[in-house]
Amino acid sequence: MNELYTVAEIRQIEQAALAGLPAGTLMQRAGAAAMQMALAMLDNASIASAPRVLVLAGPGNNGGDALDVAARLAQAGIEVTVALYAVAERQPQDARAALGRAQAGAATLLAPGDPGDSAAPSAAGSIYQRHWDLVIDGLFGIGLARPLAGAMRAMVEFINTLPCQVLALDIPSGLDADTGDIVGPGGIAVRAHRTITFIADKPGLHTCHGRDHAGQVSIATLDIDPALLPPAQAFLNGPILFADALRPRPQNSHKGSFGDVAVLGGAHGMQGAPILAARAALHCGAGRVFACFVDEAPGYDPAQPELMCRHAGDFDFSKTTVVAGPGSGGASRANELLARVLDLPVPLVLDADALNLVAADRALQQRLAARTGATILTPHPLEAARLLAVSAGVIQADRLAAARQLAARFQAIVILKGSGSVIARPDGSVAINPSGNPALATAGTGDVLAGVCGALLAQHLPPWQAALSAAWLHGHAADRLVEAGVGPVGLSASELIPAIRTALNALNALCTLGALGALGAQITVNAH
Ligand SMILES: NC(=O)C1=CN([C@@H]2O[C@H](COP(=O)(O)OP(=O)(O)OC[C@H]3O[C@@H](n4cnc5c(N)ncnc54)[C@H](O)[C@@H]3O)[C@@H](O)[C@H]2O)[C@@H](O)CC1
Ligand SMILES: [K+]
């Protein structure tokens, strides 16, 4: 299931489901699913005997889920302590019932209070000083309305220092389920190893701070009738979203069948950037690849003599897919060349300096919005901020909204890079890319991504599928390289290129075999 739902959508689904069910049913299903996950985590951690579980239970229904799990684990004979931040009279009805079940069983319930509150130091002390094998976070779910403060904040600070496993219920407390930002100002969020999320998956678990705080995400649908789920506007990216655009190569092919890519960039001192993009385009299947330099052009690329190096001013861009921006600099020469390619109806990828040039020039912005050819923009958060005339902080606070805004404004497909890259199209649909890792945080990987986008456009993938595949392959290749020990420290952008080629060929082979269902699991990439 690739659909992602906002808090507002989850609330609607929840209301529709609750209408047809006895009170407390969904919470008990959530508790049962979470208990299975908790037991599996204790098993995996090979805790020999008598595990100790700390359950954090907040004031709302997320706390109700936590109390339900606590009651179940205690019933199963596990030693459970609940740090309770709820007052029965103020709990929602289902949560109060769950509190009753926990109180009736063998779990120990403590109210740690504010660390500065002398009325409850012993409860806090006994929690802070004991050894825990598993912490279950049920402080807040989708109802969090302001930053964590006081006693709960102190507890989150404490559990974030613990060496034990942490399981978050629904979402890690403190995280915004829609955006993946930490609810602030000055907020804090639980860092979980696993998150079991209820009803459906949520965008905030996969982008911005989401990946660092949610860990591995599992979905418990709580047996809700799928007919109650509305059509999704957001998806988790994966081959199932784009594989039908990949085609086997006909035997009767020639280099003209797979398109030309021209990379426009490489001002003086920055010639490596277009070379990287061009090499990536070559290794992702473009028929012919030109590296076109704003300033002086090298005679050829000795390590990749297949590339044709040209002076951009003399090159005819009208019959190629263009990747503009890698190392192009911000000089007026680069601006003129960019204006020329924006006016051509060719498929176009804009990256790096090309995006900065557009951000600084209203005429270029109008040319971009008026294009008829397919366009993909690949900004990182700072480039996106310049394009929207806001700060990078504003972009990161709601990455989905920023990507959607850019896509609508420039009538283009946008890949907003970063942890959980967001791919958006002008109609408001978005996908969050789950592949990739911090090994990609190194110079040149953006040039490679732009080159992959160019190669896929040149091979006639529609721009949405080209962007989805490029983002996924780029991250997937980095994941396989890290597994093979080539990173996360020291992975170079050049090393990424052959790994992306291997992943693309593996994907193509699986598509040809019609083995879509097994795609994620089956693709293996050798590092070299
Ligand atoms: N209603 C249901 O039947 C179900 C609810 N579910 C759970 O319920 C959660 C949503 O429950 P709620 O809507 O009660 O929301 P939460 O449990 O996330 O928290 C809401 C409560 O916390 C208070 N609050 C918000 N921010 C605070 C802060 N920073 N400090 C102190 N108090 C704060 C609110 O005033 C409210 O009382 C989901 O995330 C999910 O875990 C699941 O059990 C599925 C079924
Ligand atoms: K939680």
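Summary table
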quantity	calculated
Angle in degrees between helix 399-410 and the longest Cα principal axis of the chain, rounded to the nearest 10	30
Acute angle (nearest 10 degrees) that the helix 445-458 long axis makes with the longest principal axis of the chain, alpha-carbon atoms	60
Selection from A149, A33, S126 lying farthest towards where the dipole of the range 3-232 points positive, charges on Cβ	S126
Which of C284, C309 has the fewest Cβ neighbours within 10 Å, and the rest in rising order	C309, C284
Taking D295, D223 and counting other C-beta atoms within 10 Å, the order from fewest to most	D223, D295
For V82, residues with placed amide H under 5 Å, excluding near neighbours	V55, T108, L109, L110
Ellipsoid semi-axes in whole angstrom, largest first, where each is sqrt(5λ) of the Cα gyration tensor of the chain	49, 22, 21
Nonlocal amide H pairs with A262, under 5 Å, H built at 1.01 Å	F290, T321, V322, V323
Under the Karplus curve 6.51 cos²θ - 1.76 cosθ + 1.60, θ = phi - 60°, whole-Hz ³J(HN,Hα) for the range 235-251, x wherever Gly or Pro sits	9, 8, 5, x, x, 4, 7, 9, 5, 5, 8, 7, 10, x, 7, x, 4
Relative contact order %, the chain, counting alpha carbon pairs below 8 Å whose residues are six or more apart	12
For the range 136-150, 3J(HN,Hα) per residue [Karplus equation, 6.51 cos²θ - 1.76 cosθ + 1.60, θ = phi - 60°, Hz, x = Gly/Pro]	10, 9, x, 6, 9, x, 7, x, 4, 10, 7, x, 5, 9, x
Anchor K255: lysines whose Cα lies under 27 Å away (excluding residues fewer than 8 positions away in-chain)	K319
Per-residue Cβ neighbour rank within 10 angstrom, fewest leading, L109, L481	L109, L481
Set of lysines with alpha-carbon distance to K202 below 26 Å, sequence-local pairs under 8 removed	K417
Helix 25-44 vs. the chain, principal-axis angle (Cα, 0 to 90°, nearest 10)	80
Whole-Å distance, taken between Cα centres, linking the range 234-293 and the range 317-350	16
Cα lying deepest toward the dipole's positive end in the chain, options P92, S421, V489, charges on Cβ	S421
Calculated [θ] (222 nm, deg cm²/dmol) that DSSP helices of n ≥ 4 give over the chain, each run adding -39,500 (n - 2.57)	-12500 deg cm²/dmol
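A short reminder: the numbers here are calculations on the coordinates, not readings from a lab. None of these values were measured; they are calculated from a predicted model. Note that each Cβ is placed from the backbone with ideal geometry, even for glycine, and that neighbours are counted across all protein chains shown.
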